[in-house]
Amino acid sequence: MKTTTLLLAKENFKFSAGHFLIFDDKTAERLHGHNYQVKVDITIPPEEDLANQGYFIDFNEFKKIIKARLDLWDEIVLLPEKHPDMKITTSGNSLDVRFRDRHYVFPRNEVLLLPVRNTSVEQLSRLLAQEFLESFKKFKVKQVQVTVEETRGQGATTIAGD
């Protein structure tokens, strides 16, 4: 059985976001940001007959979905809503965030609470891989691999699907 994977690593598959990592009960990074770069590999179903058209799908179908999704995380602060030390309350248009001895107040529309315990590249790649897999199921895609780099050559890859 032959397997074909479409490789999408466009320059505009990026997002700029603020975050901090939590290492243990006492240690965490300071709030800072990255210009994240994302690569998506899409394994097409082996049963697809490429002989008729010579291709699986117009890449633009996937590129639009990927870019729209990444735009949701662009120029935003990413916070882990599942970390036990993260206390978050909303007051009008503001988000009041308390993390141990830190206190932040952000405009509500500039923060995204992620369903994770940490905003690491490992967690970001997992979230994106699951979301892309769900979005691509309409094209009969059964597996995606997503790489998120926080700096060139430093990141994480998650494979979601069969």
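Quick note: the coordinates plus some simple rules give every number you see, no bench work behind them. Bear in mind that the values here come from a model prediction, so they are computed numbers and not experimental data. For neighbour counting, all protein chains shown are included, and Cβ atoms are generated from backbone atoms with ideal geometry for every residue, glycine included.
What the table below lists for this structure:
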| read-out | value |
| --- | --- |
| Structure-based [θ]222 nm, the chain - -39500 (n - 2.57) summed over DSSP H runs of at least 4, per residue, nearest 500 | -6000 deg cm²/dmol |
| GNM top mover of 52, 93, 35 - the chain, alpha-carbon springs below 10 Å | 52 |
| Ascending count of other beta-carbon atoms within 10 Å, so fewest first, for 34, 103, 19 | 103, 34, 19 |
| Potential lengthening between residue 72 and residue 122 on full extension [0.36 nm per residue; Cα-Cα distance subtracted] | 16.2 nm |
| Ranked list, fewest to most other Cβ atoms within 10 Å of each Cβ, for 138, 14, 87 | 138, 87, 14 |
| Cα-projected label distance for residue 104 with residue 135, points at 7 Å along beta-carbon direction, nm | 2.4 nm |
| Nearest 10 degrees, 0 to 90: helix 59-71 Cα axis against the chain principal axis | 0 degrees |
| Dimensionless Rg over Rh [the stretch 39-162; C-alpha; Kirkwood] | 1.09 |
| Choice from 12, 60, 118 showing the highest fluctuation, given a GNM over the chain with Cα pairs closer than 10 Å | 60 |
| Low-density loop positions, GluC sites (Glu not before Pro), the stretch 1-99 - DSSP coil, at most 16 other Cβ in 10 Å | 11, 29, 47, 48, 75, 81 |
| Simple Cβ-charge dipole of the stretch 1-117, Lys/Arg +1 and Asp/Glu -1, about Cα centre, in debye nearest 20 | 380 debye |
| Charge dipole (the chain, unit charges on Cβ, about Cα centre) - positive-most of 8, 77, 52 | 77 |
| Pairs of Lys in the stretch 18-162 closer than 21 Å at Cα, counting only those 8 or more apart or on different chains | 21 |
| Nearest-ten-degree value, helix 121-136 long axis tilted from longest Cα axis of the chain | 40 degrees |
| Top of 130, 53, 145 by mean-square fluctuation, Gaussian network on the chain, Cα under 10 Å | 53 |
| The stretch 21-83: chymotrypsin sites (Phe, Trp or Tyr not before Pro) in DSSP coil with no more than 16 other Cβ atoms inside 10 Å | 23, 55 |
